[in-house]
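Novice: Please find one structure pasted underneath; my questions will follow.
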Amino acid sequence: MTDTLITDLPDTDFRHPQRRVRLDTILRLRWLAALGQLAAIFIVVQGLEFDLPVVPCLVIVSASALLNLALQIVFNPMQLLEPVHASVLLALNVIELSALLYLTGGLENPFSFMFLVPVLIGATALPVRLTIALGLLALACTTALFFFHLPLPWDSDEPLMLPPVYLLGVWLSIALAIGVTGLYAFQVTEEARKLSDALAATELVLAREQHLTQLDGLAAAAAHELGTPLATIVLISRELEQALRSDDAIGSDIKTLREQAQRCREILGKITQLSSTGSMFDRMKLSTLIEETVAPHRDFGVDIKVRIAVAASTEPIGTRNPAILYGVGNILENAVDFARDTVEVNAWWNTDTVEIVVSDDGPGFAPEILKRIGQPYLSRRRGGDDAQQSGGLGLGVFIARTLLERTGAKVSFTNRTFPDHGAVVQIVWPRRRFEAAEDNAEQN
């Protein structure tokens with residue numbers, strides 16, 4: 001019910017999936033590049049009538065097209081490529097582009113900025129080390145083209161002569177663009193991936209909570225179904241016991257059978273009593289909700305003070321929603337983890353809203369993360385080593401906040417006003433949403 005719950009999840013890679021891209025995606029990009037290169041060659045030769053080494057250029061483009069055909073024939077285009085294989089194909093794109101630029105003016109060619117394309121694709125689809133390697137390859141090819149290249153195709157009557165300083169500026173701009181745009185694309189993709197993973201974890205936690213809650217209903221159903229055959233066994237065994245002599249060995253066994261069957265009935269009766277107050281479809285008062293979430297945390301050396309303001313309107317009654325129980329419980333447990341001595345749980349309501357405020361006397365939230373609290377994998381509060389060791393504020397709080405917001409709640413995180421210290425978490429529902437939280441969770 002805290003961030004540590006994540007360690008109990010199945011041994012899967014859903015939180016840290018390997019970066020992989022489909023072969024079909026890269027092949028489409030390579031075909032697009034080949035068609036674009038052919039179009040550029042045709043326009044330069046036929047439209048602009050510039051002198052261009054057509055045959056070597058067509059050989060390079062044809063080799064790229066033949067490789068695409070071979071990959072489509074030999075492999076299933078829908079298969080996911082290993083990162084190393086994807087990086088090799090992207091590196092081939094860089095080398096092919098370098099060869100074409102060598103024949104057509106090097107960095108003087110305005111298409112030299114196409115070096116960015118493979119690097120951007122790598123930043124979104126490859127691990128960090130392979131993305132860096134691809135960027136270094138593109139930078140190395142750019143540097144080589146600065147020194148070695150054939151003349152830029154141009155009008156022979158008015159040859160174009162670009163100064164070395166201009167070419168140095170082109171090289172520098174390409175290098176900076178590779179670094180900055182590659183880093184930006186990587187960061188955006190990584191954030192999207194983390195958010196997707198965290199939402200998947202949220203769904204898994206909610207499903208677990210719902211399954212655990214539904215076990216009470218199953219227990220009640222089992223107790224009801226088993227009650228009749230056990231009653232029959234007790235009745236028949238009692239009649240057999242009365243028909244046999246008390247000193248008969250079989251009579252003693254039948255007595256034991258009757259006693260054990262009666263014991264089973266008593267156990268099922270206890271299960272029925274427990275289930276009658278824990279069904280997923282039961283409704284519970286706000287005070288009952290708070291007590292159920294507070295009870296598991298009272299024996300950890302932290303004083304938990306519960307204050308429920310009595311209002312003129314009747315106390316709100318909502319469904320026993322696993323999303324609310326988990327969300328409030330997670331926030332409360334984090335407060336207990338960081339508190340020095342006391343955690344306060346205050347609740348009040350009126351005809352329009354229902355509010356729960358959980359506060360502690362711990363170090364509070366660091367200012368630099370206060371605005372970002374609740375994002376997945378954000379995991380540190382202000383304070384010393386003790387605060388850091390007591391727990392994180394990353395995926396668990398993100399899950400709690402997401403589940404609570406699905407029920408219509410607004411969750412906000414603040415610190416106590418100086419000179420007091422500690423964190424304050426405020427959870428506010430519109431009353432109509434709280435009293436229909438189960439329906440809202442299902443609709444979302």
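The values are calculated or read from the model by the stated rules, or taken from the named source; none is laboratory data. What you are looking at is a predicted structure, and each value in this text was computed from that prediction instead of being measured. Cβ: placed from backbone, ideal geometry, glycine included. Neighbour counts: every protein chain shown. The protein model used for the area step is the full one, side chains on, heavy atoms only, and it has no ligands, DNA or RNA in it. Shrake-Rupley method; radii C 1.70, N 1.55, O 1.52, S 1.80 Å.
Novice: Looking at L120, is it closer than 19 Å to I26 by Cβ, within 32 Å of the chain's Cα centre (by Cα) and open to solvent by less than 40 Å² (accessible area, probe 1.4 Å)? Break it down stepwise before answering.
Specialist: Numbers: closer than 19 Å to I26 by Cβ: yes; within 32 Å of the chain's Cα centre (by Cα): yes; open to solvent by less than 40 Å² (accessible area, probe 1.4 Å): no.
So L120 fails the test.
Novice: Out of the residues in the stretch 264-273 that are surrounded by 13 or more Cβ atoms within 10 Å (Cβ to Cβ) and not β-branched (V, I, T), state the one that is modelled with the highest pLDDT.
Specialist: In this case the residue turns out to be C264.
Novice: Follow-up question, since we're still on this one. Would you be able to say whether some residue in the stretch 5-12 is of a type in the set (A, V, I, L, M), touching a His at 6+ places or on another chain (Cβ under 9 Å), modelled with pLDDT under 90 and outside any loop (DSSP other than H, G, I, E, B)?
Specialist: As a first pass, look at the stretch 5-12 and keep what is of a type in the set (A, V, I, L, M): 5-6, 9.
From the residues that got through so far, the ones that are touching a His at 6+ places or on another chain (Cβ under 9 Å) too are none.
No, that holds for no residue.
Novice: Considering every residue within the stretch 420-440, establish whether at least one is more than 14 Å from I324 (Cα to Cα), β-branched (V, I, T) and at pLDDT 85 or above.
Specialist: The answer is yes; a qualifying residue exists.
Novice: Can I ask one more? Would you pick out the residues in the stretch 128-137 that are at pLDDT 85 or above and surrounded by fewer than 21 Cβ atoms within 10 Å (Cβ to Cβ)? I'd like the intermediate steps shown before the answer.
Specialist: Step one: filter the stretch 128-137 for residues at pLDDT 85 or above, giving 129-137.
R129, L130, I132, A133, L136, L137, listed by residue number.
Novice: Report yes if P77 is outside any helix (DSSP H, G or I), open to solvent by 50 Å² or more (accessible area, probe 1.4 Å) and not acidic (D, E), otherwise no. Give the derivation first.
Specialist: On the way: outside any helix (DSSP H, G or I): yes; open to solvent by 50 Å² or more (accessible area, probe 1.4 Å): no; not acidic (D, E): yes.
Judged against the criteria, P77 is not a match.
Novice: Go through (1) open to solvent by less than 30 Å² (accessible area, probe 1.4 Å); (2) of a type outside the set (G, A, S); (3) closer than 21 Å to A177 by Cβ and name the single condition L71 misses.
Specialist: That leaves (3) as the condition not met.
Novice: If you don't mind, another one. Could you please give the count of residues in the stretch 292-328 that are in a loop (DSSP other than H, G, I, E, B) and open to solvent by 40 Å² or more (accessible area, probe 1.4 Å)?
Specialist: Just the residues of the stretch 292-328 that are in a loop (DSSP other than H, G, I, E, B), to begin with: 298-302, 309-316, 320-321.
So of that shortlist, the ones also open to solvent by 40 Å² or more (accessible area, probe 1.4 Å) come out as 298-301, 309-310, 312, 314-315.
Residues meeting the conditions: 9.
Novice: Sticking with this one: All but one of (1) open to solvent by 50 Å² or more (accessible area, probe 1.4 Å); (2) more than 23 Å from I41 (Cβ to Cβ); (3) in contact with a Gly (Cβ under 9 Å, 6 or more places away or on another chain) hold for P151, so report the exception by its number.
Specialist: The single condition P151 does not satisfy is (2).
Novice: Considering the stretch 82-99 alone, what residues qualify as being surrounded by 20 or more Cβ atoms within 10 Å (Cβ to Cβ) and either closer than 18 Å to G36 by Cβ or touching a Pro at 6+ places or on another chain (Cβ under 8 Å) (or both)? Write out each step before concluding.
Specialist: In the first step, residues of the stretch 82-99 are kept if they are surrounded by 20 or more Cβ atoms within 10 Å (Cβ to Cβ); the result is 86-87, 89-90, 93-94, 96-98.
Selection gives L89, L90, N93, V94, E96, L97, S98.
Novice: Also, quick follow-up: Looking at (1) surrounded by fewer than 22 Cβ atoms within 10 Å (Cβ to Cβ); (2) within 21 Å of P430 (Cβ to Cβ); (3) touching a residue at least 12 places away in the same chain (Cβ under 8 Å), find the lone condition where R340 falls short.
Specialist: Failing condition for R340: (2).
Novice: To continue, here is another question. Criterion first (assigned to a helix (DSSP H, G or I), within 21 Å of F148 (Cβ to Cβ) and either open to solvent by less than 60 Å² (accessible area, probe 1.4 Å) or in contact (Cβ under 8 Å) with a residue 24 or more places away in the chain (or both)) does L107 satisfy it? Can you show your working first?
Specialist: On the way: assigned to a helix (DSSP H, G or I): yes; within 21 Å of F148 (Cβ to Cβ): yes; either open to solvent by less than 60 Å² (accessible area, probe 1.4 Å) or in contact (Cβ under 8 Å) with a residue 24 or more places away in the chain (or both): yes.
Answer is yes for this residue.
Novice: Report yes if some residue within the stretch 363-385 is in contact with a Ser or Thr (Cβ under 9 Å, 6 or more places away or on another chain), at pLDDT 85 or above and open to solvent by 20 Å² or more (accessible area, probe 1.4 Å); otherwise report no.
Specialist: Checked against the condition, which is being in contact with a Ser or Thr (Cβ under 9 Å, 6 or more places away or on another chain), at pLDDT 85 or above and open to solvent by 20 Å² or more (accessible area, probe 1.4 Å), the stretch 363-385 yields no hits at all.
Novice: For the stretch 141-161, which residues satisfy the criterion of being out of contact with any Leu (no Cβ under 7 Å at 6 or more places or on another chain), over 14 Å from P118 (Cα atoms) and either hydroxyl-bearing (S, T, Y) or assigned to a helix (DSSP H, G or I) (or both)?
Specialist: T143, A144, F147, S156
Novice: Here's a follow-up. Does I331 count as within 16 Å of S359 (Cα to Cα), within 33 Å of the chain's Cα centre (by Cα) and surrounded by 13 or more Cβ atoms within 10 Å (Cβ to Cβ)? Break it down into steps so the answer makes sense when it comes.
Specialist: Numbers: within 16 Å of S359 (Cα to Cα): yes; within 33 Å of the chain's Cα centre (by Cα): yes; surrounded by 13 or more Cβ atoms within 10 Å (Cβ to Cβ): yes.
Against the criterion (within 16 Å of S359 (Cα to Cα), within 33 Å of the chain's Cα centre (by Cα) and surrounded by 13 or more Cβ atoms within 10 Å (Cβ to Cβ)), I331 qualifies.
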